[in-house]
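Structure first, then comments.
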Amino acid sequence: MSNPEILRGLVLAILLRMNAPPRRIAHLDMDAFYASVELLRYPQLRGLPVVIGGARRREDEALRLVQDERGLAGIPACAFPLLRDYTGRGVITTATYAARQFGVGSALGLMKAARLCPQAILLPVDFDEYRKYSRLFKAIIVEIAPQMEDRGVDEVYIDFTDVPGGQREGGRVLARLIQRAIFERTGLTCSIGVAPNKLIAKMASEFNKPNGISIIHEADLQTRIWPLACRKINGIGPKADEKLARLGIHTIGELAARERAWLIEHFGKATGAWMHEAAHGRDERPVVLASEPVSISRETTFERDLHAVRDRAELGAIFTALCEKLAGDLQRKGYVAKTIGIKLRYDDFRGVTRDHTMDRPTDDAKAIRHIAGLCLKRVPLERRLRLLGVRVGSLQSTAQGRESASNRPQALTKSASPTIDSIATTKQLF
Ligand code: DCP
Ligand code: MG
């Protein structure tokens, strides 16, 4: 290409960019998601403190016997199990806003929460139901705004930039439309932040929770973002936050005031440079449409610590059930897995993982159980166990997986070299 042509191309690109509408990215997060889904079947609990956590118990089964002709909605509120009567070591997954006023919320132990709000109603988790509503609200969004990035069970990013109406009032009009459509078709509320990029949108969706909308423009950086704690930046975890505090930096504004070179000196090249960009509200990450899961896991914390030999039968049954659930997850989502792994936590809280990669992928419960069982044989089992988890990775979509399986028809073998994973706590993939 000749020089004038390149120049013309460049000018054209600049003109197009100048004429392009500004980037408007939304972050949508459902309000008290698991609890709100539960309130759909138990509307009589609206306005009451309700916490979700722990496995289904005898009390929950008994509850269903007191329903009248209105079904579950006919169970009187006074018949529900209360937090004060809970014994065990489960944790809260989420709580209604009425319960949060008492200081209870995600990740708090149920017994500890009982001391803060003994009168709260306790409901067991029902992942299948939450997954169903997760799929439903996302389907409603893509009907209206197809550029959606799935970020987990209850949150998504949406690119409003080129959606008709997506620029009106900075995105408020479209946000309202989506909020209303989700509410009308599911009965669930959500909160939405719309901003020039994902980083700010994620912070903004929290500003007016529940059922809120926040619109942030570049010019709002100093007034709306800089006063916030550094921890509000998605990516600054508790460790980095502690270090920042030790260096006298508490707010995003204080972070922005530091030289880029100074941040690099203290946090390394990549993190330091990223912190500098983030504090100035800059983030070019695109909204990525199809997000394929990397791995799927299921785990359970036992009601009491179990020993591999003395509680063999009980442990075996739990292990098999986990593998069956995982196989169900794979089949429902249309994946087969080549890597099967286990995760254990001992009674002294130390954790260990083992995994094994097979020659051909599977979604079969028995095959998963077999390989997971082999992994279990590779860990010390003298101590009692507190938690057991099974994870499948190296996922392929079922069609692709079946093809590679039929090309290489081999039995499940122990041939691949085992690897030891580090222990990672990741949000459960749905
Ligand atoms: N969750 C969980 N364990 C945690 C945090 C969350 O199991 N430690 C589950 C339960 C939540 C869901 O994930 O309902 C979504 O997490 P959020 O952080 O978005 O919390 P909520 O949607 O419950 O409340 P909010 O209104 O603050 O978004
Ligand atoms: Mg939420």
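Quick notes on this one:
- For segment 130-169, taking the residues that are part of a helix (DSSP H, G or I) and within 12 Å of ligand 1 (Cβ to nearest atom), the one that is nearest to residue 193 (Cα to Cα) is identified as 137.
- Residue that is farthest from ligand 1 (Cβ to nearest atom) [pool: residues in segment 79-95 that are of a type in the set (A, V, I, L, M) and in contact (Cβ under 8 Å) with a residue 24 or more places away in the chain]: 82
- Selection count where residues are of a type in the set (A, V, I, L, M), touching a residue at least 12 places away in the same chain (Cβ under 8 Å) and either in a helix (DSSP H, G or I) or more than 16 Å from ligand 1 (Cβ to nearest atom) (or both), scope segment 211-224: 3
- Residue that is nearest to ligand 2 (Cβ to nearest atom), among those in segment 126-157 that are over 26 Å from residue 38 (Cα atoms) and in contact with a strand residue (DSSP E or B) (Cβ under 7 Å, 6 or more places away or on another chain): 145
- Residue within segment 14-27 that is within 16 Å of ligand 2 (Cβ to nearest atom) and closer than 30 Å to residue 218 by Cα present: yes
- If you filter segment 47-63 down to residues that are surrounded by fewer than 20 Cβ atoms within 10 Å (Cβ to Cβ) and hydrophobic (A, V, I, L, M, F, W, C), you find that the one that is nearest to residue 96 (Cα to Cα) is 48.
- Some residue of segment 195-210 being within 16 Å of ligand 1 (Cβ to nearest atom), assigned to a strand (DSSP E or B) and touching a residue at least 40 places away in the same chain (Cβ under 8 Å): no
- Identity of the residue in segment 28-39, assigned to a helix (DSSP H, G or I) and not β-branched (Val, Ile, Thr), that ends up nearest to ligand 2 (Cβ to nearest atom): 33
- Of note, residue 44 does not satisfy the criterion of being more than 15 Å from ligand 1 (Cβ to nearest atom), farther than 17 Å from residue 119 by Cβ and either surrounded by 20 or more Cβ atoms within 10 Å (Cβ to Cβ) or of a type in the set (S, T, N, Q) (or both).
- Qualifying position, being surrounded by fewer than 18 Cβ atoms within 10 Å (Cβ to Cβ), within 25 Å of the chain's Cα centre (by Cα), hydrophobic (A, V, I, L, M, F, W, C) and more than 16 Å from ligand 2 (Cβ to nearest atom), among 91, 66: 91
- Reported count of residues in segment 294-317, each being surrounded by 15 or more Cβ atoms within 10 Å (Cβ to Cβ) and touching a Leu at 6+ places or on another chain (Cβ under 8 Å), is 13.
- Residue tally, condition more than 15 Å from ligand 2 (Cβ to nearest atom), out of contact with any Gly (no Cβ under 8 Å at 6 or more places or on another chain) and not in a loop (DSSP other than H, G, I, E, B), over segment 184-194: 2
- Among residues of segment 104-121 that are within 16 Å of residue 35 (Cα to Cα), those with a beta-carbon under 8 Å from a residue that is hydroxyl-bearing (Ser, Thr, Tyr) and away from ligand 1 (no atom under 16 Å from the Cβ) at least six positions away or on a different chain give the pairs 110/86.
- Within segment 94-106, the only residue that satisfies the criterion of being touching a Pro at 6+ places or on another chain (Cβ under 8 Å), crowded, with 17+ Cβ neighbours inside 10 Å and polar (S, T, N, Q) is 96.
- Restricting 26, 55, 13, 32 to residues that are out of contact with any helix residue (DSSP H, G or I) (no Cβ under 8 Å at 6 or more places or on another chain) and closer than 29 Å to residue 174 by Cβ narrows the list to 13.
- Matching option when the condition is closer than 30 Å to residue 146 by Cβ and of a type in the set (D, E, K, R), among 311, 348, 283: 283
- Evaluation of residue 227 against (1) assigned to a loop (DSSP other than H, G, I, E, B); (2) in contact with a Pro (Cβ under 7 Å, 6 or more places away or on another chain) (one fails), failing number: (2)
- Selected residue (criterion: modelled with the lowest pLDDT) from residues of segment 40-54 that are touching a Leu at 6+ places or on another chain (Cβ under 6 Å) and either in a strand (DSSP E or B) or within 15 Å of ligand 2 (Cβ to nearest atom) (or both): 53
- With respect to (1) surrounded by fewer than 23 Cβ atoms within 10 Å (Cβ to Cβ); (2) of a type in the set (S, T, N, Q); (3) at pLDDT 95 or above, the lone exception for residue 36 is condition (1).
- With respect to the conditions (1) small (Gly, Ala, Ser); (2) in a helix (DSSP H, G or I); (3) within 11 Å of ligand 1 (Cβ to nearest atom), residue 107 lacks only one, and its number is (2).
The values are calculated or read from the model by the stated rules, or taken from the named source; none is laboratory data. Please read these numbers as outputs of a predicted model, since none were measured by experiment. All Cβ positions, even for glycine, are placed from backbone atoms using ideal geometry, and neighbour counts span all protein chains on display.
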